[in-house]
Number of protein chains: 6
Amino acid sequence: MIVTVSRKAHFNAAHRLFRPDWSEEKNNQVFGKCNNPNFHGHNYELIASVTGPIDPDTGFVMDVKILKDLIKSEIENALDHKNLNLDVPEFELLNPTAENIAVVIYNRLKPHLAQELSLKITLYETPRNFVTYEGLNQQA
Amino acid sequence: MIVTVSRKAHFNAAHRLFRPDWSEEKNNQVFGKCNNPNFHGHNYELIASVTGPIDPDTGFVMDVKILKDLIKSEIENALDHKNLNLDVPEFELLNPTAENIAVVIYNRLKPHLAQELSLKITLYETPRNFVTYEGLNQQA
Amino acid sequence: MIVTVSRKAHFNAAHRLFRPDWSEEKNNQVFGKCNNPNFHGHNYELIASVTGPIDPDTGFVMDVKILKDLIKSEIENALDHKNLNLDVPEFELLNPTAENIAVVIYNRLKPHLAQELSLKITLYETPRNFVTYEGLNQQA
Amino acid sequence: MIVTVSRKAHFNAAHRLFRPDWSEEKNNQVFGKCNNPNFHGHNYELIASVTGPIDPDTGFVMDVKILKDLIKSEIENALDHKNLNLDVPEFELLNPTAENIAVVIYNRLKPHLAQELSLKITLYETPRNFVTYEGLNQQA
Amino acid sequence: MIVTVSRKAHFNAAHRLFRPDWSEEKNNQVFGKCNNPNFHGHNYELIASVTGPIDPDTGFVMDVKILKDLIKSEIENALDHKNLNLDVPEFELLNPTAENIAVVIYNRLKPHLAQELSLKITLYETPRNFVTYEGLNQQA
Amino acid sequence: MIVTVSRKAHFNAAHRLFRPDWSEEKNNQVFGKCNNPNFHGHNYELIASVTGPIDPDTGFVMDVKILKDLIKSEIENALDHKNLNLDVPEFELLNPTAENIAVVIYNRLKPHLAQELSLKITLYETPRNFVTYEGLNQQA
């Protein structure tokens, strides 16, 4: 029996949307007030969803406490109370849009999961805007 | 990398569930208190979810501000503070169930999206009842 | 020990904001799109909060099941799936603003509570707009 | 047109995670404080999602009132205000993890749905932990 | 300037409402299905609200991290994943209604706060039922 | 009849908690990771609650559309997508704690309200931390 187990977590961070290789004019046109050079910020709500078979010994797909600790060590410790542009290596050259943050979180968590488990990331940037990413194998 | 971007929006409207070609008795039997001839109403919560590749230039699947404006112009302006049965052409002959409203919203938004983007509509009629619709190509 | 016990409930209804003794022009100026003559509607979320001493026999201020049944019989049966202007006697001459609906709900519930209990009504008209009313004795 | 109709419901229950055939030491290691022999409990939030074609006569995939009544008779009456381990037959030998509870709920509801309708169960054990199950035919 | 600082927390627990000095018949009449002798349970959502002057040095009424740690050590460690009737000394003779749990939480937290700070406890037993308690000095 | 009308709004911003006249060591000790020199950020949820008599002509305490526009012009335009420390004059010398932000918002809104209306500000810094402020006249 295949079940998905989801865990919600939270981090808050500052960011700025812009491309250093674009003019200020073009950055403002594309990114609007998200291009504030002094940064703005969000409370990001993260849902990590892990899909796989129920282990008949435990009744768990994955112990949610292990998933919680993994999110803490790999994501919260790296992103919480940080400036995404300045403090997080992946965003040195990558624009920290919600889409790209979801991909970065996926790539940080996936290697720590058992091979047979698939992962989906849902990331709320605000209560009204959110994104989901399920990895490259969903692209075909 | 394929990502889904979702935007929440809100409109409130009056409606009545009934079929003019059915007897009052049959309408009451099928639609119960939703068949109040004086109408009742809801705060509809809408989630429009757009799936497609991340544009490497911007880091966006679709600028959520454009999606927000599209929902405003195509959906909120047409449905907010309206009587669905009397004020919205699609429901002149179509029963405004949550299912049908979701299909109407899909059909109003889809033509405005780039060809390679797919769309899913989630519509909350109450905090406890909601529907989702992803278009005809999901039927096979 | 004085404690407040609160119960959430829900009803949905159609309404229209207007004064029959005003011109259509003045009604539109004051009430805007809430003056749609075909009505619009809302999911109203109601919180009834009852304050009083803990009964040492039961540990209850008031059995929340009794409060729930009271809201059902006095409020939901009267307002749910109704047109407030046309189906509810109190609003025959009273504009069904959130403020006035809260007062009407208070006046319907209060006589059914034990004398020593005070009542506060919180009414959400939308997830972003809500009102509270605690009775006339709060006015001094 | 294929649409999914979802209904939220609620029940609260006590449970304990453990295997009677394991030592207390192993149960504590695997299930931690969830292995409290005096039980602990949760408010479970359930979402039952039913997918199928819109009935052109009614505009419904399935009358949500019927779905609500089905959840009441098959799930709430059996699980609400119960001790899952002691009061619910399915968990006499089955560990009442969220995963297993979702499967039990699926198995209780599915036979009552029309053949052409598929079912997905989402079960929140806490506001931060939830699981989803769509039946055996999703396993391939 | 007087400000209130609030912190939300969470614990889940089993409980049973009954009085050992009452007959089973009377317990069932008063407490209904909450009197299940095998217990049931809840996810309790707690809001601890502390009111006092803003410290001009820090801009804090009270460092919310200290409040969070206090809730963890005094409340969560004592009540989370517990059976309130069997595992928590205060409820050996006291019925664990939401009202009484709120008073117990207040009495556990208040002595740890600076003298000039007042405390209000809000406790959600379910998403639809909650209580508030502000201490004995609110009774006059 | 005295009623309170509340309107929810939203802004997101970057900030840093620190005092320039304190050593880095002391700032870290008091403000912890909130003292990140590169800033972090939040989605602030604001509730502005206005209390006064119901106008018998309109049934409004205050037209919530006017309140919404006031929050937009006085608060959102000034704080949304901003760095509170660098972009908002009030915080040039004032630590932007949730407490102080609530006071600043109160002071910006209150002069625009009719004399007989009182104001309460509730500000969520995260879904778990929030503050309330009702003005100096509540201090006695």
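Out of curiosity, is B:Phe130 modelled with pLDDT of 95 or more, in a helix (DSSP H, G or I) and within 14 Å of chain C (Cβ to nearest Cβ)?
no
Are there any pairs with C-beta distances below 7 angstrom linking a residue in the stretch A:20-31 that is modelled with pLDDT of 95 or more to a residue that is surrounded by 13 or more Cβ atoms within 10 Å (Cβ to Cβ) and of a type in the set (D, E, K, R), with the two at least 6 apart or on different chains, and if so which?
The qualifying pairs are A:Asn27/A:Arg19.
Run down A:Glu125, A:Glu116, A:Glu92 and say which single residue is on the phi < 0 side of the Ramachandran plot, of a type in the set (Asp, Glu) and surrounded by 20 or more Cβ atoms within 10 Å (Cβ to Cβ).
Just one listed residue meets the conditions, A:Glu125.
Output the residues belonging to the stretch B:36-88 that are touching a residue at least 12 places away in the same chain (Cβ under 8 Å), farther than 16 Å from B:Leu123 by Cα and among the basic types (Lys, Arg).
Selection gives B:Lys82 alone.
Of the numbered conditions (1) within 12 Å of chain F (Cβ to nearest Cβ); (2) closer than 26 Å to B:Arg7 by Cβ, A:Asp87 fails exactly one; give the number of that condition.
Checking A:Asp87 against (1) within 12 Å of chain F (Cβ to nearest Cβ); (2) closer than 26 Å to B:Arg7 by Cβ, the one that fails is (2).
Within the stretch E:1-53, how many residues are in contact with a Ser or Thr (Cβ under 8 Å, 6 or more places away or on another chain), within 7 Å of another protein chain (Cβ to nearest Cβ) and not in a strand (DSSP E or B)?
The number of residues fulfilling the criteria is 1.
Being open to solvent by less than 10 Å² (accessible area, probe 1.4 Å) and not in a helix (DSSP H, G or I) is the filter here; which residues of the stretch D:74-89 pass it?
Within the stretch D:74-89, D:Asn83, D:Val88 meet the criteria.
Quickly run through the stretch B:2-40 and pick out the residues that are in contact with a helix residue (DSSP H, G or I) (Cβ under 7 Å, 6 or more places away or on another chain), open to solvent by 40 Å² or more (accessible area, probe 1.4 Å) and more than 17 Å from C:Leu79 (Cα to Cα).
B:Ile2, B:Phe18, B:Arg19, B:Asn28
How many residues are outside any loop (DSSP other than H, G, I, E, B) and open to solvent by 60 Å² or more (accessible area, probe 1.4 Å) if we restrict to the stretch B:54-73?
Qualifying residue count, the stretch B:54-73: 5.
Restricting attention to the stretch E:90-127, and to residues there that are in a loop (DSSP other than H, G, I, E, B) and within 13 Å of the chain's Cα centre (by Cα), which single residue is farthest from the other protein chains (Cβ to nearest Cβ)?
E:Pro96
Answer yes or no as to whether F:Ile71 is over 24 Å from E:Val50 (Cβ atoms) and out of contact with any Pro (no Cβ under 7 Å at 6 or more places or on another chain).
Yes; evaluated as a whole, the condition is true for this residue.
E:Glu99 fails exactly one of the following numbered conditions: (1) out of contact with any strand residue (DSSP E or B) (no Cβ under 6 Å at 6 or more places or on another chain); (2) of a type in the set (Asp, Glu); (3) buried (at least 21 other Cβ atoms within 10 Å of the Cβ). What is the number of that condition?
It fails just one condition, (1).
The values are calculated or read from the model by the stated rules, or taken from the named source; none is laboratory data. Fair warning: this is a prediction, and the values are worked out from it, not measured in the lab. Cβ atoms come from the backbone with ideal geometry, glycine included; neighbour counts cover every protein chain shown. Each accessible area value is taken on the protein alone, full model and side chains, heavy atoms only, with ligands, DNA and RNA left out. Shrake-Rupley method; radii C 1.70, N 1.55, O 1.52, S 1.80 Å.
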